[in-house]
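What follows is a single structure, written as structure tokens, with notes after it.
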Amino acid sequence: MRTLNRRDFLKLSLTVPAAAALSKILPQVGEHRSASLPNVILIVLDTMSAENLSVYGYKRRTTPGIERFAQRATVYHAHQSGGNFTVPGTGSILSGMYPWTHRAINSPGFVAREFADRNIFKAVGPSYNRLAFSQNLWAIHLLDQFVKDIDTLLSPALFTVDQQAVGNKFTKDLNAAYLSFDEFLFWHNNPPPSLILGIPERAILAHRYIHINDNVTDYPIGLPETGLLPLYFRLDELFEGLRSTIATLAPPYLTYFHLWGVHDPYKPHANFLNGFDDDPWEPERKPRHRLGGRSSEENLLKRRRRYDEYVASVDHEFGRLMDALEEDGVLDTSYVIVTADHGESFERGILGHSNVFLFQPLVHIPLLISAPGQDKRVDIHSPTNSVDLLPTLAGIAHQDIPEWCEGEVLPGLDLSATTNPGRVSISVESKGTPSFASMYKATVALRQGRYKLIYYRGSEYDFYELYDLEADPGELVDLYDKLPEVSKPLQAELFSRFERADQKYRPKN
């Protein structure tokens, strides 16, 4: 596995164009690779909720670029994340297993050791040129655990205006370095964990940040930045970097691009800042949940509007990237997959995704797939899940689907997958539980058909909610007691699956 950082890139790009520079340092095809296999470009837009995308019917026009792409793609309308934040959601994309199985359920993001070879890169096999890039530190932790099946892991700082990532400099053990320095010593709490090193580091970063933004006019509230690593970037340069990277790769290739997406802090481009201020539409107000949610309605509306502006900014650059890939001929030979790791909440007093909830804004995520040469839109409404990507990629790569995979091949792609009316989708939240202990506190959602059952499990509470997502997409009417003929079978199914997954982590009597 080759690790490439910004220094590698700059040494070459100072003298030659970006695409030519990358072609000298990225792996080229070997004779054992088959040019007949299609390329796969997987783009994960962090924190992008399908509930806020106009391509799925949202009232604000946030995604004209994705809507253009949808005209040549298969659009999944009921796609669910495996969890409500980066670690479980990304873990399910990468492993094809639900969080209660792969066990990356909390901030450290440790996958069960025996599952290190269960990942999308292994699933497509060595015939593919396998490259990964992430701006999100937690996703990097996951990628590092699968690194033996990745041919090239790009530095998170590669397409930045400026950055101050320390772990990035220790290429022989990136994961340990990021955990030790960026996440432990320099974590951006107040005060930082290390007063001796953290305070000077923060002062240097603040000075550089002011200098950077003094020279920026098209991002009035500051350049986009990541919240886990001190990376500052421009959306246009980031997406152009993806295009340049793709242009250098010899087929067949699998690229995993995990972008900061629309994660907080929301920093829209000037063309979209305040772009929805004149829009009179407001979302339906929902009652607060008994387990929490303290943000005021005024703050939720304000933050939602800024989030929507950032979605529109990212969508614009995504649309430009797809136009460029069409011009380059890439769409004729490649599957392009666009999805997210989880969503974001602006309702019920719940802001963000650091919570115990699995309502639709948090787990309903986009999934659009354009097959090579596809020229018409296909809409799929049956429930699907992040775990379905791995078996689908195995099918695209003409590989056997691993028997341990908990997902199913996605319907609508002509990969011998039929619509399964009994298809089940699971989402898990258990960030307060140790990785390899019983999930004594968790929220689990099971969706089958039009119904979604949510189980809240904890020492001080234990209850269920049932929603009919077709009749009640806003999840306002709890039908658990009113429809026992629906809730009880779903409860038995969920409980059975939960028990099987959790049993091995319970203390032996």
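Observations, loosely collected:
- Pair list, Cβ < 7 Å and 6+ apart or interchain, from region 129-144 residues that are in contact (Cβ under 8 Å) with a residue 40 or more places away in the chain and under 14 Å from H102 (Cβ atoms) to residues that are in a strand (DSSP E or B) and among the hydroxyl-bearing types (S, T, Y): L143/S134
- Scan of region 142-159 for residues that are touching a helix residue (DSSP H, G or I) at 6+ places or on another chain (Cβ under 6 Å) and in a helix (DSSP H, G or I), ordered by number: L142, D144, D149
- Region 282-324: number of residues that are touching a helix residue (DSSP H, G or I) at 6+ places or on another chain (Cβ under 7 Å), assigned to a helix (DSSP H, G or I) and not acidic (D, E): 11
- Enumeration of residues in region 39-61 that are over 30 Å from A397 (Cβ atoms) and polar (S, T, N, Q): N52, S54
- Looking across region 325-336 at every residue that is in a loop (DSSP other than H, G, I, E, B) and more than 25 Å from the chain's Cα centre (by Cα), the one that is surrounded by the fewest Cβ atoms within 10 Å (Cβ to Cβ) is identified as G329.
- Sole exception among (1) modelled with pLDDT of 70 or more; (2) more than 26 Å from the chain's Cα centre (by Cα) for L249, by number: (2)
- Here region 475-509 is the region considered, the condition is being outside any helix (DSSP H, G or I) and either acidic (D, E) or in contact with a Phe, Trp or Tyr (Cβ under 9 Å, 6 or more places away or on another chain) (or both), and the residue that is surrounded by the most Cβ atoms within 10 Å (Cβ to Cβ) is E475.
- Any chance L358 is over 14 Å from I120 (Cβ atoms), of a type in the set (A, V, I, L, M, F, W, C), touching a residue at least 60 places away in the same chain (Cβ under 8 Å) and not in a strand (DSSP E or B): yes
- Residue that is outside any loop (DSSP other than H, G, I, E, B), over 18 Å from V428 (Cα atoms) and either among the β-branched types (V, I, T) or in contact (Cβ under 8 Å) with a residue 24 or more places away in the chain (or both), where the choices are G91, G65: G65
- Inspection of region 17-37 identifies at least one residue that is surrounded by fewer than 21 Cβ atoms within 10 Å (Cβ to Cβ), in contact with a Phe, Trp or Tyr (Cβ under 8 Å, 6 or more places away or on another chain), at pLDDT 65 or above and farther than 24 Å from A312 by Cβ.
The values are calculated or read from the model by the stated rules, or taken from the named source; none is laboratory data. Note that this is a predicted model, so its numbers are computed, not measured. With ideal geometry, Cβ positions are generated from the backbone for all residues, glycine too; neighbour counts draw on all protein chains shown.
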